[in-house]
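A.B. asks: Shown below is the structure under consideration.
The values are calculated or read from the model by the stated rules, or taken from the named source; none is laboratory data. Treat the numbers as computed from the prediction; the structure is a model and nothing was measured. Note: ideal-geometry Cβ built from the backbone for every residue, glycine included; neighbour counts use all protein chains shown. Ligands, DNA and RNA are excluded from the accessible area calculation, which covers all protein heavy atoms including side chains. Shrake-Rupley method; radii C 1.70, N 1.55, O 1.52, S 1.80 Å.
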Amino acid sequence: MISSDSFITAIFIPAALHRSSFAFRADRDSFPVTSAVSSWQRLRHSANSYLLPLDLLRRVVPAGGVFQNRVRLVQSQGSRGVRFSGPPQSLSFPAAPLFTNCNYFPAEFSIVVTLKIPQLPPNKDEYIFTLLDGGSDRLLLGLRLALDKLHFLLQVRGVTRRVTFRAVGLADGRWHTLVLAVTGHYAILTVDCGVPLELQMQRPFPEDLSTEGSVFFIGSRRRWNGLFSPRLSILSVPEVLLHLPVKPPANELPLYPYEAEVRVSPAAPLCGVSETGQLWFSTEKRGLFLCDGSMWITMLQETEKLDYVEEHQDLLTISETFDIEVFSIPSVGLFMATANRDLGSTIYQWMNGRFERYQNISTHDAQAWKFFTVGRESFLVVANSGGNSVEEVSVIYKWSERTLRFVAYQKLNTHSARDWEAFHIQGEAFLAVANHRQGEMNHNIESVIYKWNTNTKRFEVNQTIATSGAYDWEFFTIGPYHFLVVANTFNGKSTVINSTIYIWLGGMFRIFQDIMTTGAIDWEMFQIGNRFFLAVANSQRLDSTGSIQYNINSTIYELNMTSQTFVKFQDITTSSALDWEFFTVGDDKFLVVANSYDGNSYSLNSVIYRWQGYERFVPVHTLSTNGCRDWEFFTSSDGSYLISSSARQALSKILKLKTHHQH
């Protein structure tokens with residue numbers, strides 16, 4: 001069954017590819033949706049018959065386009081597809097009429113599917129099609145889709161075997177055309193004319209797979225379980241809107257040259273030029289939104305507003321905590337890693353509305369954690385700033401699905417490391433370390449960017465960048481451009497120095513813009529509508545005379561599209577600011593700053609600022625903190641939270657954001 005957000009335009013099983021070229025075209029102006037396949041090499045089957053392309057989808061679409069309740073024509077992103085809502089048995093047909101001269105399935109073949117489906121839950125599998133033995137319900141052949149996998153299922157010597165293509169992003173709410181070619185020991189998957197993925201099967205595809213008495217099922221495996229199925233409640237929509245006409249009656253005016261589509265989902269669908277004019281009903285925000293070509297505009301919404309902040313949990317840590325990293329591991333849960341000064345660091349798991357200790361990891365004056373993924377694997381990397389006099393080492397830990405723990409994976413030599421940043425560019429994984437100083441006095445050293453080697457499965461040095469007391473890296477993307485900005489803190493004489501934004505060009509990062517900062521500790525990039533901002537946390541002003549100031553301005557910069565540079569947008573007075581955190585509640589945008597020291601006391605108020613448009617960011621909440629070092633925002637099924645860490649005491653605080661709904 002195809003839900004209101006999931007469609008299939010065509011399922012073909014053409015003649016065998018045998019490594020020949022092909023072309024695929026979907027005709028948007030006719031129904032049933034037709035496709036042309038050219039340059040297929042027709043291979044003679046063992047029964048001396050030619051096997052022509054077979055359109056499986058056409059077999060379950062009513063002839064002449066006369067729709068019943070179980071089949072509907074749906075228009076999406078300029079393409080027409082069909083959506084099914086009937087029981088599995090209604091979407092089936094016997095295989096016998098397709099195999100008139102020979103009952104054996106061809107040993108070499110390809111399957112072409114065009115579909116669109118929203119993101120699947122981690123534990124959800126849905127069938128695209130299956131071929132079942134009509135008597136025993138035994139699966140002979142099939143395609144099954146999971147969150148980031150595509151399974152090709154086949155019967156070999158009475159045993160069902162599975163070939164799994166991993167990291168295949170098909171469930172993203174966009175149209176995709178996939179071609180699966182099977183020949184001998186190999187299954188080759190091509191998605192959207194991309195680079196083919198080739199897997200070797202343990203056994204070759206059987207030449208004696210009998211189709212006698214078998215039945216094809218579209219979108220199911222005969223049972224309700226595993227169907228393409230709605231996961232959201234259905235809105236009460238007038239019946240006339242459920243069936244988009246292909247052509248108006250002869251006596252009526254032509255249809256408008258645009259199409260309206262209503263999506264129903266908790267997460268925001270894609271909103272781009274091709275989605276202009278489409279509607280989205282958010283089940284989470286309880287509102288109706290319109291895509292203007294770049295962002296979702298509120299039309300009608302029950303708005304969630306931040307009311308106040310209340311203490312939720314006091315988390316006693318092993319020692320003072322410099323950094324907190326909150327992350328999720330699919331099918332396992334929500335976690336938090338604390339970077340502690342002494343006695344190692346700790347990973348906590350969110351259980352029953354609280355963080356509970358999960359795993360202790362040996363670290364050396366840990367300054368920061370960073371969670372990242374490479375393919376299907378999950379990693380944590382720690383920035384160790386301490387070590388023996390000979391060697392300072394930071395460590396990458398890998399999540400073990402066997403032990404359900406993080407285990408040491410790779411060690412990297414660093415110099416008083418303060419931060420790690422993980423990012424991907426064009427499908428390749430990178431890590432950037434902020435090396436703060438070498439020895440006690442040398443702050444003008446090189447920080448390093450590492451790149452994942454797919455052969456060795458290790459990170460290797462890709463580029464070095466000269467930095468001055470580096471404290472933080474922030475990666476961000478604007479349009480097709482990738483940026484890295486470093487927070488340079490101290491050059492050995494002064495904290496009033498340039499921090500630098502780098503842009504990715506020609507396979508490396510090159511200088512894009514220098515910005516004068518004052519003991520910069522942290523950068524936070526965020527976007528509001530079509531505007532892009534960078535906020536820097538300035539910690540202290542130390543000049544060549546030795547005088548120190550802690551109550552100084554931290555600054556928010558905005559990207560000026562005309563000059564193609566970041567320009568000063570707003571100064572905010574802070575007290576040795578060490579971190580900015582941007583977060584959203586409903587339609588409201590917020591920044592919270594970690595104020596740590598004013599020259600006399602570490603017991604200070606950190607402040608939440610709200611975006612007020614013309615008034616810029618204005619203070620709306622004060623939070624009592626002691627030597628605040630880091631803020632992290634996260635959401636769970638029961639609400640939104642802020643976590644603060646302290647560099648002065650072994651206590652982190654979890655605060656719950658209390659909201660109310662405004663109509």
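A.B. asks: Cut-off under 19 Å on the C-alpha distance; same-chain residues fewer than 8 positions from Lys398 excluded. Which aspartates and glutamates are left, in chain and number order?
C.D. replies: Cross-link targets: Glu325, Glu377, Asp419, Glu421, Glu428, Glu460.
A.B. asks: Taking the Cα-to-Cβ direction at Ser136 and at Met351 and moving 7 Å from each Cα, how far apart do the two end points lie in nm?
C.D. replies: 4.5 nm
A.B. asks: Right, here's the next one. Amide H of Asn462: which non-local residues (sequence gap of 5 or more, or other chain) have their own amide H closer than 5 Å, using H built in the peptide plane?
C.D. replies: Residues meeting the criterion, in which the H sits 1.01 Å from N, are Ile449, Tyr450, Lys451.
A.B. asks: Given region 322-391, report the % of alpha carbon pairs whose separation exceeds 16 Å. Intermediate values should be presented prior to the final figure.
C.D. replies: Working: 1188 of 2415 pairs.
Percentage above 16 Å: 49.
A.B. asks: Right, another one. Taking the Cβ of His443 as the center, what net charge do the other residues with Cβ under 13 Å away carry, scoring Lys and Arg +1 and Asp and Glu -1?
C.D. replies: In short, +1.
A.B. asks: Give me the dipole magnitude in Debye, nearest 20, for region 327-471 about the Cα centre, with unit charges on the beta carbon: positive for Lys and Arg, negative for Asp and Glu.
C.D. replies: Around 440 debye, computed over region 327-471.
A.B. asks: Enumerate the calculated ³J(HN,Hα) couplings along region 287-295 in order (Karplus 6.51 cos²θ - 1.76 cosθ + 1.60, θ = phi - 60°), each rounded to whole Hz, writing x wherever the residue is Gly or Pro.
C.D. replies: So the Karplus estimates, Gly and Pro as x, are x, 10, 10, 10, 7, 9, x, 9, 8 Hz.
A.B. asks: Another question about this same structure. Which ³J(HN,Hα) values in Hz, rounded to whole numbers, follow from the phi angles of region 632-638 under the Karplus curve 6.51 cos²θ - 1.76 cosθ + 1.60, where θ = phi - 60° and Gly and Pro get x?
C.D. replies: Ordered by residue, 3J(HN,Hα) equals 9, 10, 8, 10, 10, 5, 10 Hz.
A.B. asks: Say the dipole of region 347-466 comes from +1 at the beta carbon of Lys and Arg and -1 at that of Asp and Glu; which of His424, Val407, Phe459 then lies farthest toward its positive end?
C.D. replies: Val407
A.B. asks: Expressed as a rounded percentage, what relative contact order does region 385-485 have, with Cα pairs under 8 Å and six or more residues apart?
C.D. replies: 20 percent
A.B. asks: Right, next: Largest first, please: the extent of the C-alpha atoms of region 588-663 along each principal axis, to the nearest Å.
C.D. replies: 44, 33, 14 Å, listed from the longest principal axis down.
A.B. asks: On to the next question. Run the 1.4 Å probe and let me know the accessible area of Ile643, rounded to the nearest 10 Å².
C.D. replies: Here the accessible area works out near 0 Å².
A.B. asks: So, one more: Can you run phi through the Karplus equation (6.51, -1.76, 1.60; θ = phi - 60°) for region 163-176 and list ³J(HN,Hα) in whole Hz, with x for Gly and Pro?
C.D. replies: 10, 10, 8, 9, 6, 9, x, 9, 8, 10, x, 10, 6, 9
A.B. asks: From the convex hull of the Cα coordinates of region 404-547, what is the mean projected area in square nanometres?
C.D. replies: 10.8 nm²
A.B. asks: Could you list which residues have their amide H under 5 Å from that of Gly173, counting only those 5 or more apart in sequence or on another chain, with H placed in the peptide plane?
C.D. replies: Ile117, Gln119
A.B. asks: Something else now. For the charge dipole of region 444-511, defined by +1 on Lys and Arg C-beta atoms and -1 on Asp and Glu C-beta atoms about the Cα centroid, which residue among Thr495, Tyr471, Val448 has the Cα displaced farthest towards the positive pole?
C.D. replies: With unit charges placed on the Cβ atoms, the residue in question is Val448.
A.B. asks: Further question on the same structure: Going through region 130-198, which trypsin sites (Lys or Arg not before Pro) have at most 10 other Cβ atoms within 10 Å and a DSSP loop state?
C.D. replies: Counting only loop positions with at most 10 other Cβ atoms within 10 Å, the trypsin sites (Lys or Arg not before Pro) in region 130-198 are Arg157.
A.B. asks: Moving to a separate point now. Among Phe633, Ala647, Trp611, pick out the residue whose Cα is farthest towards the positive end of the charge dipole of region 582-663, where Lys and Arg carry +1 and Asp and Glu carry -1 on C-beta, about the Cα centre.
C.D. replies: Ala647
A.B. asks: In addition: Out of every Cα pair in region 542-644, what percent are spaced more than 22 Å from each other?
C.D. replies: Tail fraction, whole percent: 40.
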